[in-house]
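Undergrad: Take a look at this one; I'll ask things after.
The values are calculated or read from the model by the stated rules, or taken from the named source; none is laboratory data. Computed from a prediction, not measured in an experiment: that's the story for all the values here. Cβ placement follows ideal geometry from the backbone for every residue including glycine, while neighbour counts extend to all protein chains displayed. Keep in mind that these areas ignore ligands, DNA and RNA; they rest on the heavy atoms of the full protein, side chains included. Shrake-Rupley method; radii C 1.70, N 1.55, O 1.52, S 1.80 Å.
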Amino acid sequence: KYSAGIALAVRGFVSYSSGHLGEALDDYTQLLASARARSNREHEGWARSFVVPVLLARNELEDAQRMTDAAMAILDQVDPLTVPVIHGTGSQARLRVGAIGEARASAEQALETIDSTPIFIYLAGFAGFMDTLLELWEAEPDPTSAGARELSELTRRGLKKMKTFAL
């Protein structure tokens, strides 16, 4: 049963990465149902976390925000490896619903907790927090302000970490 959860998570990621959003959503829905049936909080957190980019791509913002909140409540306690993913993708969900402060805090949490260990699930976390930081930086009205300089530095740090991931 444990390996079935891993298989669904990997298959969902491959489906999402290849643009098959419906299949990815089905896989993550199955993973969530399986995790609940097995009382496996870690896999429940995975399902809720990994589905966020799929929901964002489908413009299902309320569901993405709901899954973000639920995943954060689980993963912060049971799976430190997935924390950067949910904070990275969660930053995008929060940004898209207009929660700018929460989006930035999540992006910074992802940046602080992500490692350069090249495990596939980190890709969504990297993409999430980098997209959020870049959008926030671009939205700064004064490029010389302290806020713009902070976002510039956070983005630079994120790119540096992302480069180690790519190697």
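Undergrad: Work out from phi, with θ = phi - 60° and the Karplus expression 6.51 cos²θ - 1.76 cosθ + 1.60, the ³J(HN,Hα) of each residue of the range 44-53, listed in order in whole Hz, and give x for Gly and Pro.
TA: Per-residue couplings from phi come out as 5, x, 4, 4, 5, 6, 5, 7, 4, x Hz.
Undergrad: State the Cα centre-to-centre distance between the range 1-26 and the range 27-62 in whole Å.
TA: Here the two parts' Cα centres lie 10 Å apart.
Undergrad: Length gain on complete extension for the stretch Ala57 to Ala37, per 0.36 nm per residue less the alpha carbon to alpha carbon distance?
TA: Values: separation 20, 0.36 × 20 = 7.20 nm, distance 2.78 nm.
Between Ala57 and Ala37, full extension yields an extra 4.4 nm.
Undergrad: Here is a follow-up. Report, in degrees rounded to the nearest 10, the 0 to 90 angle that the Cα long axis of helix 21-38 makes with the longest principal axis of the chain.
TA: It is inclined by approximately 60 degrees.
Undergrad: If I model a spin label as a point 7 Å beyond the Cα along the Cα-Cβ vector, how far apart are those points for Ile100 and Glu23 in nm?
TA: Between Ile100 and Glu23, the label points sit 4.0 nm apart.
Undergrad: As a test of understanding, state the convex hull volume per residue of the chain from its alpha carbons, in Å³. Provide the component values of the computation, followed by the final result.
TA: Working: hull volume 17.3 nm³, N = 167.
Roughly 103 Å³ of hull volume per residue.
Undergrad: What is the sum of charges around Pro143, taking Lys and Arg as +1, Asp and Glu as -1, for the other residues whose C-beta is under 13 Å from the C-beta of Pro143? Provide the component values of the computation, followed by the final result.
TA: Values: positive: Arg149; negative: Glu138, Glu140, Asp142, Glu150.
Once all neighbours under 13 Å are counted, the net charge is -3.
Undergrad: With the other protein chains left in place, how much accessible area per residue, in square angstrom, belongs to the chain at a 1.4 angstrom probe? Before the final figure, lay out each step's value.
TA: On the way: 8230 Å² over 167 residues.
Here the residues of the chain average 49 Å² of exposed surface.
Undergrad: Related question: Hey, what angle do you get for helix 83-96 against the long axis of the chain, alpha-carbon based, 0 to 90 degrees rounded to 10?
TA: Compared with the principal axis, the helix lies near 70 degrees.
Undergrad: Related question: Short version: ³J(HN,Hα) in whole Hz for each residue of the range 68-75, in order, from phi by Karplus 6.51 cos²θ - 1.76 cosθ + 1.60 (θ = phi - 60°), x for Gly and Pro, what are they?
TA: Here the 3J(HN,Hα) series is 4, 4, 5, 5, 4, 5, 8, 5 Hz.
Undergrad: By how many nm would the segment from Asp76 to Glu112 grow when fully extended, if each residue of separation counts as 0.36 nm and the alpha-carbon distance is taken off?
TA: The Asp76-Glu112 span can extend by a further 11.6 nm.
Undergrad: I need to check one value: relative contact order of the range 52-106, counting alpha carbon pairs closer than 8 Å and at least 6 residues apart, in percent. Walk me through the intermediate numbers first.
TA: Details: 49 pairs, mean separation 18.0, N = 55.
This gives 33 percent for the range 52-106.
Undergrad: Among Thr82, Thr68, Thr29, which one shows the biggest mean-square fluctuation in a GNM of the chain, springs joining Cα atoms closer than 10 Å?
TA: Highest fluctuation among the options: Thr29.
Undergrad: In a shell of Cβ-Cβ distance under 12 Å around Ala24, excluding Ala24 itself, what net charge do Lys and Arg (+1) and Asp and Glu (-1) give?
TA: Working: positive: Arg11, Arg58; negative: Glu23, Asp26, Asp27.
Summing Lys and Arg as +1 and Asp and Glu as -1 gives -1.
Undergrad: Leaving out ligands, DNA and RNA but keeping every protein chain, what accessible area does Leu61 have, in Å² rounded to the nearest 10, with a 1.4 Å probe?
TA: For Leu61, solvent-accessible area is about 40 Å².
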